[in-house]
Amino acid sequence: MGAETKGNLDYLTKIPEIKFTKLFINGEFVDSVSGKTFESIDPRTGEVIARVAEGDKEDVDLAVKAARQAFDHGPWPRLPGSARRKILMKFADLIDENVEELAALEAIDAGKIFGWGKAFEIPGTAESLRYYAGAADKIHGETLKMSSANQGYTLREPIGVVGHIIPWNFPSTMFLLKVSPALAAGCTMIVKPAEQTPLNALYFAHLAKLAGIPDGVLNVITGYGTTAGAAISSHMDIDKVSFTGSTEVGRLVMQAAATSNLKPVTLELGGKSPLIIFDDADLDHAAELALAANLFNKGEVCVAGSRVFAQEGIYDQLAKKLGEKAKTWVVGDPFDPNVRQGPQIDKTQYEKVLSYIEHGKREGATLVTGGKPCGEKGYYIEPTIFSDVMDNMTIAKDEIFGPVMSLMKFKTVEEAIQRANATRYGLAAGIVTKDLNVANTVSRSIRAGTIWINTYFAFDKDCPFGGFKMSGFGKDTGMQALEQYLQVKCVVTPIYNSPWL
């Protein structure tokens, strides 16, 4: 593929045994109440790799009951923070010990690059655990200096039972980004992984049990969003929901939470992020950033810089350079160490991306390179770049979630800001320039939750991540994420023998 995948692979990688396919409720792997299962598909081949238990409302009820019992009467919320810290550290160590198997599972379940997962992504999930483990014994309230004849203080307590609904593009990363702060805070939880990528979530549940997390604290319900996910969002005994996914489904989650018990929600939703490249940028550096911003993880990234604005002085040169570089981008089996782009997650997403490419052609954008499927099986698509894209074109407005770049020309700083903000989304943005004044002006003017200057995808566990506008609200990283799983309680007592009494 293509560049091209090798016809005869000259490497051998052991595909892991699928060990966990049942629901994880109250510390045990169990069948669904209905006994139903669904297929987990390998996007490299389109073939079934496992049948996984299909959870539904009845299974969510059982998991919530276990989580509620663990929260109301179990040890986890009542443990000293230092005790929770030790268990979470053990959990992180177990992830490191099983890094190769977890990375391999992610390659066959989500089409993600094995080498990247083993070296960076899976170890990064362990670091998320360690980060929040370190905060578990540093959750403090405040003493209040009250103007009345009373004394007061605040307690920051775990919010209760949490429902986490996670996406398929970063199944391991998102699992730990959501679970880690909630566990550190002392919450109990139900996690529903995406139906496309259930395997690592179940493996993490197994490791959590080995680490010593008490039964009922962490439960995993595999199944569909319309059934299991909807049951979590609307459940009267769940105290908070955290969701990452599309804006359309985020609306449904929020509506369900509001019409049930008015539970708070955290939503990290879609994006159509601008990457603005100014005339003074180093062209090679800018081209590499733009390609990575669009093609990393086969474009299945909520913050993908899929609207690339290039200033008119470098536009033609950049378009040519992007086309040349994209042709060297190797697409193929994610176990191949030479490959940089694996398959799209499933047939539905594969066909969706191809349909957007056809929209681009019909609406008059110029196809610089790519635009076609590649390979004889699986869900592979060539890196695709369109130039001469107008802001009103479908490919410039919609989140494609695939390896498709829209290249657009601009003249002035003011124009770049206005067009970058002309979107319903506000998740991230990138700026490439050597001019500090331009960088500061643009970064302060763009309405997005994260701005990267002369870099892209510069995530860090200490850096709060979340969106503006229809990209959602709330944060999934940094100490702000921990705050979302805590609630503040005021305790007030009178001061006796006060002259005011």
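The values are calculated or read from the model by the stated rules, or taken from the named source; none is laboratory data. Predicted, not measured: the structure shown is a model, and the values here were computed from it. Cβ atoms come from the backbone with ideal geometry, glycine included; neighbour counts cover every protein chain shown. What goes into the accessible areas is simple: the full protein's heavy atoms, side chains included, and nothing from ligands, DNA or RNA. Shrake-Rupley method; radii C 1.70, N 1.55, O 1.52, S 1.80 Å.
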Legend entry - Efficiency of FRET between ASP284 and ILE15 - r from beta-carbon atoms, R0 60 angstrom, step 0.05: 0.95
Legend entry - For GLN344, net neighbour charge (Lys/Arg +1, Asp/Glu -1) across residues whose Cβ lies under 11 Å away: +1
Legend entry - Pair GLN151, GLU127: separation of 7 Å Cα→Cβ label points (nm): 4.4
Legend entry - Structure-derived volume of the Cα convex hull per residue in Å³: which label, when the choices are [x] 156; [y] 177; [z] 297: [x]
Inset, instruction - Could you state the accessible area per residue of the chain in Å², with a 1.4 Å probe and every protein chain left in place? - result: 41
Legend entry - Distance-filtered residues of the stretch 164-203 - backbone nitrogen under 17 Å, label point 7 angstrom along ASP215 Cα→Cβ: 189
Inset, instruction - Find how much the distance from LYS397 to ALA258 grows on full extension, using 0.36 nm per residue of separation minus their present alpha carbon separation; answer in nm with one decimal. - result: 47.1 nm
Inset, instruction - For the chain, give the share of DSSP beta bridges that are antiparallel, in percent and rounded to the nearest 5; count only bridges with both residues there. - result: 45
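So, with +1 on the Cβ of K and R and -1 on the Cβ of D and E, and no other charges, what is the size of the charge dipole of the chain about its Cα centre, to the nearest 20 debye?
1080
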Inset, instruction - Report the calculated FRET efficiency for VAL488 and ASP316 (r = Cβ-Cβ distance, R0 = 35 Å), to the nearest 0.05. - result: 0.05
Inset, instruction - Calculate what fraction, in whole %, of the accessible area of the chain sits on carbon and sulfur atoms when a 1.4 Å probe is rolled over the protein chains. - result: 53
Legend entry - Rough spin-label spacing in nm, given labels placed 7 Å along Cα→Cβ, for MET479 and ASP388: 5.3
Inset, instruction - Could you work out how far apart the two model spin labels at ASP137 and LYS65 are, taking each label as a point 7 Å from the Cα in the direction of the beta carbon, and quote it in nm? - result: 3.7
Inset, instruction - Provide the FRET efficiency to the nearest 0.05 for the SER355-ILE495 pair, computing r from the beta carbons and using R0 = 51 Å. - result: 0.15
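Which net charge results when you count Lys and Arg as +1 and Asp and Glu as -1 among the other residues whose beta-carbon is under 13 Å from that of ASP462?
0
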Inset, instruction - Have a look at THR143, LEU252, TYR315 and report the one farthest towards the positive end of the charge dipole of the chain, computed about the Cα centre with Cβ charges (Lys/Arg +1, Asp/Glu -1). - result: THR143
Inset, instruction - Pairs to check: LYS65/LYS118; LYS138/LYS475; LYS36/LYS489; LYS178/LYS320. Give those whose C-alpha atoms are more than 31 Å from each other in this structure. - result: LYS65/LYS118; LYS36/LYS489; LYS178/LYS320
Inset, instruction - Quote the accessible area belonging to ARG447 in square angstrom, nearest 10, computed with a 1.4 Å probe and with ligands, DNA and RNA left uncounted. - result: 130
Inset, instruction - For the stretch 121-173, calculate the relative contact order in percent as a whole number, restricting contacts to Cα pairs under 8 Å that are 6 or more residues apart. - result: 40
